[in-house]
Amino acid sequence: MEFDLNKILRDNIKKLVPYSSARDEFKGDATVFLDANENSHGSPLPDSYNRYPDPLQWEVKKKLSKIKGVPPQNIFLGNGSDEAIDILFRAFCRPGIDNVIIPSPTYGMYEVSANINDVEIRKVSLTGDFQLNIEAISENISPLEGDREGATKLIFICSPNNPTANSFDREDIEIILNNFNGLVVIDEAYINFSKQKTFVNELTEYPNLVVLQTLSKAWGLAGLRVGMAFASEQIINVFNKVKPPYNINVVSQRLALEALNNIDQVNAWIKETVAEREQMVLALVQLPFVKKVYPSDANFILVRMNDARQVYDYLVKNGIIVRDRSKVMLCEGCLRITIGTKEENVVLLNSLKEIK
Ligand SMILES: *Cc1c(COP(=O)(O)O)cnc(C)c1O
């Protein structure tokens, strides 16, 4: 497999001269900053917000680097992983020409982002046991060679997968990484809850690998909007060229930096969530209207029921909101239930037990 980043990049991005901010052009110590048209008096808030943030968020990346074992120059930070997903489309996929492969069912943002960018989606159904269908994926790839009619630029692999909750077989993912000369985007939003090993330490092995992670799930920072992409320095440079100059604001950078000191707390929550998940699986299978509880490698469970909509409506009436996935392919009749605190899980179970 020959991988050449220049062959998959859009021409306009190859030629793009990126925006150069005041903070890009002068780095170093000075006492008087009159280069960015900021308000030198200060801000009306107790903390000082009058200066633009570090465009490349080096302090946050250095701390993440220690936690993840990935050099800072191999990390991109986005306004949520959703920003990284959008940049992948904008940098690599020619609107109206190229296509991407999305195993289905999976996280809905890949499709929305493709549609916003006018990029063709090739949905490839997962197998009956929610695994990747390697042959069907392979058959749907349009080669880069002779790509006037469009090439397959990205394959999205969400593992553990949302909403099915399982991880894909590592060997299948490796087959795709070894044989596809576009980018393989592995979304590891739920990796902290999984028995599977992350791919972030395989970047030197696979030049076509992009791993997405986020602070929104296990780290408990969904409100902060910080997502990460890990990839070769070459690919990260493309992300940095295309992103808005100050995409992570001062507050998010400062609070992310502070939060990353609390890894012990996060690990304790992960342990508790996984233990609760296993308890919930045992309790849910006991319910008479539950047909199947799918094994989970994430912080949620997919449950098949006799009448999912009726159960959903009943829970809503009791002030409990779960996700109705019953109209999603292969998930017919299923609800997706996030694992909450011990107390929340008890409230949910008690409510479900009242259903006749
Ligand atoms: C929740 C989720 C994300 C997180 O997105 P953010 O924009 O970082 O909050 C990414 N991928 C998947 C599959 C998810 O379920």
Quiz item: Restricting attention to the range 1-58, which residues are in contact (Cβ under 8 Å) with a residue 12 or more places away in the chain and among the acidic types (Asp, Glu)?
Solution: Glu2, Asp4, Asp24, Asp35, Glu38, Asp54
Quiz item: If a residue has to be over 19 Å from Val250 (Cβ atoms) and either surrounded by 23 or more Cβ atoms within 10 Å (Cβ to Cβ) or among the charged types (D, E, K, R) (or both) to count, how many in the range 210-229 make the cut?
Solution: 7
Quiz prompt | Of all residues in the range 253-263 being part of a helix (DSSP H, G or I) and among the aliphatic types (A, V, I, L, M), the one that is surrounded by the most Cβ atoms within 10 Å (Cβ to Cβ) | solution = Ala256
Quiz item: Has the range 137-154 got at least one residue that is within 16 Å of the ligand (Cβ to nearest atom), buried (at least 22 other Cβ atoms within 10 Å of the Cβ), under 21 Å from the mean Cα position of the chain (by Cα) and under 24 Å from Lys7 (Cα atoms)?
Solution: yes
Practice problem: Might you check whether a residue that is in the same structural domain as Leu88 (by TED's automatic domain parsing), farther than 16 Å from Phe168 by Cα, touching a Cys at 6+ places or on another chain (Cβ under 7 Å) and of a type outside the set (Val, Ile, Thr) occurs anywhere in the range 115-122? | Solution: yes
Quiz item: When residues of the range 190-220 are filtered for being within 12 Å of the ligand (Cβ to nearest atom), hydrophobic (A, V, I, L, M, F, W, C) and not in a loop (DSSP other than H, G, I, E, B), how many remain?
Solution: 4
Quiz item: Taking interchain pairs and intrachain pairs at least six residues apart, which have beta carbon atoms under 8 angstrom, with the first residue in the range 176-204 and more than 18 Å from Thr214 (Cβ to Cβ) and the second among the hydroxyl-bearing types (Ser, Thr, Tyr) and assigned to a strand (DSSP E or B)?
Solution: Phe180/Thr152; Gly182/Thr152
Quiz item: Going through the range 307-319 one residue at a time, which ones are under 24 Å from Asn161 (Cβ atoms) and surrounded by fewer than 18 Cβ atoms within 10 Å (Cβ to Cβ)?
Solution: Arg309
Quiz item: If the Cβ limit is 8 Å and pairs must be 6+ apart or interchain, which residue in the range 342-356 that is in contact (Cβ under 8 Å) with a residue 24 or more places away in the chain pairs with which residue that is β-branched (Val, Ile, Thr) and part of a helix (DSSP H, G or I)?
Solution: Leu352/Val311; Ile355/Val311
Quiz prompt | Tally, over the range 221-252, of residues that are outside any helix (DSSP H, G or I), more than 22 Å from Ala91 (Cα to Cα) and within 18 Å of the chain's Cα centre (by Cα) | solution = 1
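Go through the range 221-242 and give me each residue that's away from the ligand (no atom under 14 Å from the Cβ) and either within 19 Å of Pro160 (Cβ to Cβ) or not acidic (Asp, Glu) (or both).
Of all residues in the range 221-242, those away from the ligand (no atom under 14 Å from the Cβ) come to 231-242.
Answer for the range 221-242, where residues must be away from the ligand (no atom under 14 Å from the Cβ) and either within 19 Å of Pro160 (Cβ to Cβ) or not acidic (Asp, Glu) (or both): Ala231, Ser232, Gln234, Ile235, Ile236, Asn237, Val238, Phe239, Asn240, Lys241, Val242.
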Self-check item: Criterion (closer than 30 Å to Ser125 by Cα, in contact with a strand residue (DSSP E or B) (Cβ under 7 Å, 6 or more places away or on another chain) and outside the structural domain of Phe130 (by TED's automatic domain parsing)) met by exactly one of Leu302, Leu287, Leu282
Solution: Leu302
Exercise. Residue by residue through the range 177-189, note down the ones that are touching a helix residue (DSSP H, G or I) at 6+ places or on another chain (Cβ under 7 Å) and either more than 14 Å from the ligand (Cβ to nearest atom) or part of a loop (DSSP other than H, G, I, E, B) (or both).
Key: Gly182, Leu183, Val184, Ala189
Quiz prompt | Hits in the range 177-198 (condition: out of contact with any Lys or Arg (no Cβ under 8 Å at 6 or more places or on another chain), closer than 18 Å to Leu88 by Cα and of a type in the set (A, V, I, L, M, F, W, C)) | solution = Leu177, Phe180, Val184, Val185, Ile186
Quiz item: How many residues does the range 72-125 hold that are in contact with a Ser or Thr (Cβ under 6 Å, 6 or more places away or on another chain) and either among the acidic types (Asp, Glu) or within 10 Å of the ligand (Cβ to nearest atom) (or both)?
Solution: 3
Self-check item: Top-ranked residue of the range 155-174 - restricted to ones that are within 16 Å of the ligand (Cβ to nearest atom) and not in a loop (DSSP other than H, G, I, E, B), ranked as farthest from the chain's Cα centre (by Cα)
Solution: Ile173
Quiz prompt | Filtered residues of the range 1-45 (kept if among the charged types (D, E, K, R) and in a loop (DSSP other than H, G, I, E, B)) | solution = Glu2, Asp4, Arg10, Lys27, Asp29, Asp35, Glu38
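The values are calculated or read from the model by the stated rules, or taken from the named source; none is laboratory data. Just so it is clear, the model here is predicted, and its values are computed rather than measured. Neighbour counts run over all protein chains shown; Cβ positions are idealised from the backbone, glycine included.
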